[in-house]
Amino acid sequence: MLFHYTALAKDGTRQEGDLQALNQDGAVQELQKRNLSVVTLDEKKVNEEVEFIKNLFKKKIEQKEIVIFSRQVATLFEAGVSALKGFRLLAAENENPVFKQELIGVSDDIEGGVSLSNALQKRPEIFSPFFVNMVKSGEESGKLNQVFLFLADYLDREYELRQKTKKALTYPAFVVGTFFLIMTVMFVFVIPKMTALFLENGATLPFVTVIVISISNFFVKYAIVIFPTLLIGGYMFNKYSKTEKGAYNVDKFKISAPVVSNLYQKIFLARLSDNMNTMLTSGIAIVRAIEITADVVENAYYRELLLRVAGKVQTGTAFSK
């Protein structure tokens with residue numbers, strides 16, 4: 001959330017600006033850590049359309065960059081470099097201006113007394129709950145260098161899984177897309193010309209051919225309505241899939257749909273197993289590990305199942321049951 005604040009410094013000077021925080025209490029705590037006395041603090045409304053356009057042109061932080069970053073942090077910690085100095089060095093060397101700015105922000109937070117895990121938690125668009133909780137476990141156990149190596153290895157495997165998934169889905173998507181394109185061209189342009197030829201010859205047409213011609217006539221006659229309807233339908237479906245109920249239904253369909261269901265199930269189970277393995281190896285409690293996995297598995301249907309599992313494990317049921 002974005003907040004606009006006015007505050008007083010120790011010398012009495014008035015400061016004003018914007019601040020990112022998870023909630024209002026977090027914003028107040030952040031300002032207090034900067035030795036500022038809050039005068040006013042208001043949530044700043046963000047124009048979603050403007051933000052969407054900005055994000056289109058904003059340089060993204062690729063997962064491979066996070067992998068390299070994690071390995072660099074592990075190396076620096078292993079060499080005995082402090083978190084503050086390490087993040088300052090990484091920010092100075094980073095070539096991605098967006099990532100560079102975020103790392104500077106993390107460094108500033110650490111300098112202000114915020115723990116590393118909390119500083120990363122303020123940037124959920126870069127560092128997932130899984131990443132943050134792994135860092136938190138490293139802080140508690142004093143093994144941050146090992147945790148960042150675990151994270152780098154995990155993210156590397158996750159990156160490879162995503163690449164394999166894209167490759168596996170590219171061919172079916174291409175085939176289906178080409179099929180619909182060819183059928184559209186056939187119905188709108190080719191069949192009407194053949195129909196005219198048949199009518200000129202006065203030939204008696206088979207029943208199946210009559211059906212095909214009728215479909216073609218429908219497409220030609222109502223094309224001006226069909227295509228805008230499809231576009232609006234696609235837009236509405238996209239909006240629906242982003243709602244809680246919509247995401248659940250779409251994700252449930254993915255793992256039950258013909259042809260692709262087996263692939264999706266393997267993808268999600270591989271991600272689930274890898275997440276759990278990495279967190280349990282790092283000493284995170286099993287219930288917390290299940291809850292975090294539910295948030296990062298990227299499937300609303302699996303998320304609900306895992307949260308139910310976490311609830312049962314918490315009440316004493318064995319994880320395997």
Global geometry of segment 238-297, whether rounded, prolate or oblate, following the gyration tensor of its Cα atoms and the 1.5 cut on a/c: oblate
Distance between segment 132-186 and segment 221-282 - C-alpha centres, whole angstrom: 15
Segment 95-191, accessible area per residue, ligands and nucleic acids excluded (1.4 Å, Å²): 54
Residue 162-residue 212 pseudo-label distance in nm [points 7 Å out on the Cα-to-Cβ vector]: 4.4
Inter-label distance, nm, simple model (7 Å from Cα along the C-beta direction), residue 111/residue 315: 5.1
Computed helical MRE - 222 nm, the chain, DSSP H runs ≥ 4 contributing -39500 (n - 2.57), nearest 500: -23500 deg cm²/dmol
Unit Cα scatterers, Debye sum, segment 66-143: log10 I(q)/I(0) for q = 0.18 Å⁻¹: -0.69
Lys, Arg +1 and Asp, Glu -1 on Cβ, resulting dipole of segment 144-194 about Cα centre, debye, nearest 20: 320
Out-of-range pairs (alpha-carbon distance over 27 Å; input 85/164; 242/266; 64/252; 10/44): 85/164; 64/252
Given [x] 19.1; [y] 23.9; [z] 15.2, the label whose value is mean projected area of the Cα convex hull in nm² derived from this model: [y]
Dipole of the chain, positive direction: furthest Cα of 6, 41, 223, with charges on the beta-carbon: 223
Solvent exposure ordering (accessible area, 1.4 Å, most first) of 39, 259, 250: 259, 39, 250
Potential lengthening between residue 183 and residue 229 on full extension [0.36 nm per residue; Cα-Cα distance subtracted]: 14.8 nm
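Please report the net charge: other residues with Cβ closer than 14 Å to the Cβ of residue 154, K and R +1, D and E -1.
0
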Surface share of carbon and sulfur [accessible, 1.4 angstrom probe, percent] for the chain: 61
Cα-projected label distance for residue 98 with residue 239, points at 7 Å along beta-carbon direction, nm: 2.6
Positive minus negative residues near residue 76 (Lys, Arg vs Asp, Glu; Cβ under 13 Å): +1
For segment 187-321: relative contact order, % (alpha-carbon pairs under 8 angstrom, 6 or more apart): 16
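The values are calculated or read from the model by the stated rules, or taken from the named source; none is laboratory data. None of these values were measured; they are calculated from a predicted model. No Cβ is skipped: glycine too gets one built from the backbone with ideal geometry, and neighbour counts run over all protein chains shown. These area figures cover heavy atoms from the full protein model, side chains too; ligands, DNA and RNA do not enter into them. Shrake-Rupley method; radii C 1.70, N 1.55, O 1.52, S 1.80 Å.
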